[in-house]
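Input: a single structure, listed below in structure tokens.
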Amino acid sequence: MSTATRPTSATRRGGAAANNHPNGRQRQRWLPWAFLAPTIVGMGLFTLVPIVASVVLAFFRWDIISPPSFVGFDNFAQVAQDPTVRVSFLNTIGFVVVAVALQLGLALALAIMVQEKLPSWLRVFFRSAFFFPLILSAASVSIFMRYLFNEQFGVVNWLLSFIGIPAVPWLTTPTGSAAVVILVYVWQNFGFSFLLFIGGLASIPTETYEAASLDGATGWRKHVHVTLPLLSPTTLVASVMAIINALQVFDQPYVLTGGGPGDSTRTAVMVIFESAFQRLEFGQASAIGVILTLIIMAITALQFRLSKRFVFYQ
Amino acid sequence: MPGSNGMLREISRRTALGALGAGIVGATVASWPRLTGMDIPGRGDNSLSIAIMGTAADAAARQRVIDAFTRVHPEIPVKVQAIQAVDWKDFFTKILTMVAAGTPPDVVYVATEGAQLFAEKLAHPLDDYLRRDAADMKEYFADVHPSLVEAFMYKGSLFQLPIDWNAANMYYNTSALQQAGLDRPADNWTQVDFRNSLAAMRKARPSDFTPYYWTNRLFGGVVPWLYANDTSFLKETKSTGGEWFWDSFYAQDPSRKLRSGGYQWLEPNADDPRVYETFDYLRGLVKDGLGVRPEEGGGSSLIGLFASNRIGMTPAGGYWVEGLHEAGMAEDGFDVQFFPRWRTQRHQFGTAGYAIMKTAKDKDAAWEWVKFSSSLEAMRLVFPTPNTTPARRSMVNAELYAGRGPKHWKVFYDTLDKFPTTGPIPAPAQEAAVETALMKNVSLAVSGDERQLKQALDSMQRDLEIALRRQ
């Protein structure tokens, strides 16, 4: 253990005494800022500045080519009157309700099953397997899924044909395309909620279940009265993250359906992209972005407010 | 390894921070050209920067043309920048982003989809150069059909020289036709003949086969049918002007009187009864299992499906030949015919060529590139295989299609000669918004009942009105 007694460079120079030295105190003052500086600069440049720029741009008309011109609240007025924007926001909300419910429900059910019913070596396998889709590129997955769900030549319809189900127009009808977009999104994203629930389940003390058993609680009742309440902090985090992510859905509908047929799978972020990069209306795109941000903030705030009533901390 | 641990412990915090700082400075210096955009071709030197849609391999393929150009103009260094994009719309967005970033290229390869956007806002007209070099250019225009050139006229000025083009012709699988007991369709076959052919093919092959496959897009989707029915989803008019140009280069052309100062699409036309009639015809094909409900996309999977004999007919241009060849299709496994006649047999085409940017550092040098690229020498180097249709008639010959097919390759250029009113993709300056308005309503229009069709066309009319108001 000779190394334990070896003096460090700090102690060699006087250790704590150095902190009382005027230079040491000065250094102590700027040192935290020096460590924080890269993060602050990064956040400022790549998060804060774009946010402020977007808000400012929402009051301008700008097509990249000509100089921007101030238009006041015109962009917001136009957005409010645009039926496509309205539909896309309604689609997004509908998508969030269904996709998040499925994502959390599936993740929770599988987490309970994996945590309680499977041997430890299989648990490791399924944790990785369910998380795996999340690390794939959403665009690549969507391109692949487009082939699978092709009405004429897709594998899905080919498999369904074996049980006598005629070809389903998955991507060319409003219901079919919405279903596929939700399915692909949930498949790719439930792994994250699953991992959160696994962590939450592992933190529930076994004594609580033993006490519940002594009080006569059996399998299903144990989950309703013990697991769900004690998982509520995890559920809050998982739902906040899932809702924020789902409100920003873009890749899957953009690649799978292009927002169609009609506007049936067009989402808010798709309209932002189309306004900015296809129609060169950066001001209007920023206005939609500002509205979406406000909606996300309002929903998140509401979730935290509700959490005071429904979340139980041990 | 006590020795190495000891060594590590000897490194003080000061040394470590110093090394980190030196590393950051070193990395910044090394990546300075990237950080400042100095590595963008043509930036920071006097090179002529040329943007094309494609990959680095596409840029490398242009090297032979650059070499040839450099032999003629050693004083003009050229750098080609390939920009990857999903489609032309995506490519133009990236060019606009470069413009916004202050790093615009000098010359851009632009297809019909973006011709009027560039002409309206970004490109420099070629008129003065054409007047100056009229004697040199006569040979080029004598070899290029005026319909292609007219697609690049805008408000009386010419902005690009067509280099390649493709019309929406009808490809068919020869074995599928034979199985159905059908002969090659006649040149003037009608939409009724077409439907009957599909029905016969469906009867001969009831499963794992689609008689008519089409995609939902601006080229080759619903528009060729609208053109054949003598209508479109936008009202088409023409500008005045450009007389000097037509008189200089196409005075003797039989279609001279048809030529104008360029196309204009200023109003929506989705409420035209003929548009309804056309969509209803396509709806009938879908309803009766003769055609697919069109999905969005460029049809990249289509080549594989067609080459595996699972598609009877599909609209495509000469660009398809090389793809089918590479997918293993024999030269007699497919053939091509004109699009069916309805009220007319007007076809739809798309073309592409170089546009000089208004911001080009040296427009004279840019013109030399444009002029050289239109020469027979340059075009032979760019198009050694039929992965598109060259704009020069003399290059669309048996040699180009030898060993690849189709047997009736003459159909490609004959489309322009036999149907001189054949017109470009309707693409006003607001093309992206117009394309979105069209595509989002097509699937609904052809997938439901008559009520749904009417609603989809009403919606299309409304969306187009909004799209065309945007500028």
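The values are calculated or read from the model by the stated rules, or taken from the named source; none is laboratory data. Computed from a predicted model, the values in this text were never measured in an experiment. Every residue, glycine as well, gets a Cβ built from its backbone with ideal geometry; the counts of neighbours run over all protein chains shown.
Kindly indicate the residue of the range B:212-231 that is part of a loop (DSSP other than H, G, I, E, B) and in contact with a Phe, Trp or Tyr (Cβ under 8 Å, 6 or more places away or on another chain) and also farthest from the other protein chains (Cβ to nearest Cβ) among those meeting that condition.
B:ASP230
May I ask you to verify whether A:ALA217 is surrounded by fewer than 16 Cβ atoms within 10 Å (Cβ to Cβ) and either within 14 Å of chain B (Cβ to nearest Cβ) or more than 20 Å from A:LEU136 (Cβ to Cβ) (or both)? Quick ask: steps written out before the conclusion?
Numbers: surrounded by fewer than 16 Cβ atoms within 10 Å (Cβ to Cβ): no; either within 14 Å of chain B (Cβ to nearest Cβ) or more than 20 Å from A:LEU136 (Cβ to Cβ) (or both): yes.
Answer is no for this residue.
Out of (1) surrounded by fewer than 24 Cβ atoms within 10 Å (Cβ to Cβ); (2) assigned to a helix (DSSP H, G or I); (3) within 14 Å of another protein chain (Cβ to nearest Cβ), the odd one out for B:TYR129 is which?
(3)
For the range B:46-87, which residues satisfy the criterion of being in a loop (DSSP other than H, G, I, E, B) and more than 21 Å from B:TRP367 (Cα to Cα)? Give the derivation first.
In the first step, residues of the range B:46-87 are kept if they are in a loop (DSSP other than H, G, I, E, B); the result is B:46-47, B:54-55, B:62, B:73-77, B:84-87.
Once the filter is applied, which keeps residues that are in a loop (DSSP other than H, G, I, E, B) and more than 21 Å from B:TRP367 (Cα to Cα), the range B:46-87 yields B:GLY54, B:THR55, B:GLN84, B:ALA85, B:VAL86, B:ASP87.
Taking the condition of being more than 10 Å from chain B (Cβ to nearest Cβ) and surrounded by fewer than 19 Cβ atoms within 10 Å (Cβ to Cβ), how many residues in the range A:140-155 meet it?
4
Of everything in the range A:88-139, what is among the hydroxyl-bearing types (Ser, Thr, Tyr) and surrounded by fewer than 19 Cβ atoms within 10 Å (Cβ to Cβ)? Give them in sequence order.
Correct list: A:SER120, A:SER128, A:SER137.
Of the residues in the range B:348-360, how many are out of contact with any Gly (no Cβ under 8 Å at 6 or more places or on another chain) and either charged (D, E, K, R) or under 23 Å from B:ASN166 (Cβ atoms) (or both)? Even if it seems obvious, please write down each step before you answer.
Residues of the range B:348-360 that are out of contact with any Gly (no Cβ under 8 Å at 6 or more places or on another chain), as a first pass: B:351-360.
Cutting the leftovers down to either charged (D, E, K, R) or under 23 Å from B:ASN166 (Cβ atoms) (or both) gives us B:351-355, B:358.
Here the count works out to 6.
Enumerate the helices (runs of 4 or more DSSP H) found wholly within the range A:211-282, keeping only those where 2 or more residues are without any contact (Cβ under 8 Å) to a residue 60 or more places away in the chain and among the basic types (Lys, Arg).
In the range A:211-282, the matching helices (runs of 4 or more DSSP H) lie at A:219-222.
Out of all the residues in the range B:461-471, which are in a helix (DSSP H, G or I) and at the interface with chain A (Cβ under 10 Å from one of its Cβ atoms)?
Selection gives B:ARG462, B:ASP463, B:ILE466, B:ALA467.
I need the full set of residues from the range B:1-37 which are polar (S, T, N, Q) and either at pLDDT 85 or above or surrounded by 10 or more Cβ atoms within 10 Å (Cβ to Cβ) (or both), in order please.
B:ASN5, B:SER12, B:THR15, B:THR28, B:SER31, B:THR36 - these are the residues of the range B:1-37 that are polar (S, T, N, Q) and either at pLDDT 85 or above or surrounded by 10 or more Cβ atoms within 10 Å (Cβ to Cβ) (or both).
Where the second residue is β-branched (Val, Ile, Thr) and part of a helix (DSSP H, G or I) and the first is free of Cβ contacts under 8 Å to residues at least 40 places away in the same chain and lies in the range B:69-92, which pairs have Cβ atoms under 8 Å and are six or more apart or on separate chains?
Listed by first residue and then by second, the contacts come to B:PRO77/B:THR70; B:VAL80/B:ILE66; B:ILE83/B:ILE95; B:ALA85/B:THR93.
Restricting the range B:74-122 to residues that are of a type in the set (Gly, Ala, Ser) and under 19 Å from B:ASP58 (Cβ atoms), which is surrounded by the fewest Cβ atoms within 10 Å (Cβ to Cβ)?
Of everything passing the filter in the range B:74-122, B:ALA85 is surrounded by the fewest Cβ atoms within 10 Å (Cβ to Cβ).
Looking at this structure, is A:ALA138 within 18 Å of the chain's Cα centre (by Cα) and under 24 Å from A:GLY219 (Cβ atoms)?
When the stated conditions are applied, A:ALA138 does not pass them.
For A:ALA77, state whether it is under 30 Å from A:LEU236 (Cβ atoms) and either away from every other protein chain (no Cβ under 13 Å) or in contact (Cβ under 8 Å) with a residue 40 or more places away in the chain (or both).
no
Quick check on my filter: what residues within the range A:81-129 are assigned to a helix (DSSP H, G or I) and within 14 Å of chain B (Cβ to nearest Cβ)?
A:GLN81, A:PRO83, A:THR84, A:VAL85, A:ARG86, A:VAL87, A:SER88, A:ASN91
State all residues of the range B:96-115 that are under 16 Å from the mean Cα position of the chain (by Cα), within 14 Å of another protein chain (Cβ to nearest Cβ) and of a type outside the set (Gly, Ala, Ser); if no residue qualifies, say none. So that I can check it myself, show each step before the final result.
Residues of the range B:96-115 under 16 Å from the mean Cα position of the chain (by Cα): B:108-115.
Those left that are additionally within 14 Å of another protein chain (Cβ to nearest Cβ): B:108, B:113-114.
B:VAL108, B:GLU113 - these are the residues of the range B:96-115 that are under 16 Å from the mean Cα position of the chain (by Cα), within 14 Å of another protein chain (Cβ to nearest Cβ) and of a type outside the set (Gly, Ala, Ser).
Just a yes or no: is a residue in the range A:66-73 surrounded by fewer than 12 Cβ atoms within 10 Å (Cβ to Cβ), modelled with pLDDT under 95 and either in a helix (DSSP H, G or I) or aliphatic (A, V, I, L, M) (or both)?
No, the conditions are met nowhere in the range A:66-73.
Only one of these is under 28 Å from the mean Cα position of the chain (by Cα), closer than 30 Å to B:SER374 by Cα and within 14 Å of another protein chain (Cβ to nearest Cβ): B:ALA142, B:ALA134, B:ALA123. Name it.
B:ALA123
Of all residues in the range A:152-169, which are of a type in the set (Gly, Ala, Ser) and over 19 Å from B:PRO294 (Cβ atoms)?
A:SER161, A:GLY164, listed by residue number.
Output the qualifying pairs, or none if there are none: Cβ atoms under 9 angstrom, residues six or more apart or on different chains, first residue in the range A:106-128 and closer than 15 Å to A:LEU201 by Cα, second residue part of a helix (DSSP H, G or I) and basic (Lys, Arg).
A:VAL114/A:ARG123; A:VAL114/A:ARG127; A:GLN115/A:ARG123
So which residues in the range B:415-456 are without any contact (Cβ under 8 Å) to a residue 40 or more places away in the chain, of a type in the set (Lys, Arg) and more than 9 Å from chain A (Cβ to nearest Cβ)?
If the condition is that a residue be without any contact (Cβ under 8 Å) to a residue 40 or more places away in the chain, of a type in the set (Lys, Arg) and more than 9 Å from chain A (Cβ to nearest Cβ), then B:ARG451 is the only one that fits.
Restricted to the range B:335-357, and to residues that are assigned to a loop (DSSP other than H, G, I, E, B) and either under 19 Å from B:HIS145 (Cβ atoms) or at pLDDT below 95 (or both), which residue is nearest to the chain's Cα centre (by Cα)?
B:HIS347
Of the residues that make up the range A:189-210, is at least one within 14 Å of chain B (Cβ to nearest Cβ) and over 23 Å from the mean Cα position of the chain (by Cα)? Step through it out loud before you land on a result.
Filtering the range A:189-210 for residues within 14 Å of chain B (Cβ to nearest Cβ) gives none.
No, the range A:189-210 contains no residue that is within 14 Å of chain B (Cβ to nearest Cβ) and over 23 Å from the mean Cα position of the chain (by Cα).
Residue-by-condition table, conditions (1) surrounded by fewer than 21 Cβ atoms within 10 Å (Cβ to Cβ); (2) of a type outside the set (Asp, Glu):
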| site | (1), (2) |
| --- | --- |
| B:ALA352 | no, yes |
| B:ILE356 | no, yes |
| B:ASP362 | yes, no |
| B:TRP369 | no, yes |
| B:SER373 | no, yes |
| B:PRO384 | yes, yes |
| B:ALA398 | yes, yes |
| B:TYR413 | no, yes |
| B:THR422 | no, yes |
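For residues that are in a helix (DSSP H, G or I) and either touching a Ser or Thr at 6+ places or on another chain (Cβ under 7 Å) or surrounded by 13 or more Cβ atoms within 10 Å (Cβ to Cβ) (or both), tally how many sit in the range B:178-195. Can you show your working first?
First, pick out the residues of the range B:178-195 that are in a helix (DSSP H, G or I): B:178-179, B:191-195.
Next cut, either touching a Ser or Thr at 6+ places or on another chain (Cβ under 7 Å) or surrounded by 13 or more Cβ atoms within 10 Å (Cβ to Cβ) (or both) only: B:179, B:191, B:193-195.
Number of matching residues: 5.
Can you spot a residue in the range B:48-55 that is at positive phi, more than 11 Å from chain A (Cβ to nearest Cβ) and modelled with pLDDT of 85 or more?
yes
Scan the range B:145-169 and report the pairs whose first residue is under 17 Å from B:PHE249 (Cβ atoms) and whose second residue is in a strand (DSSP E or B) and among the aromatic types (Phe, Trp, Tyr), with Cβ atoms within less than 6 Å and a gap of 6+ or a chain change.
Close Cβ pairs (under 6 Å, with a partner that is in a strand (DSSP E or B) and among the aromatic types (Phe, Trp, Tyr)) amount to B:LEU148/B:TRP165.
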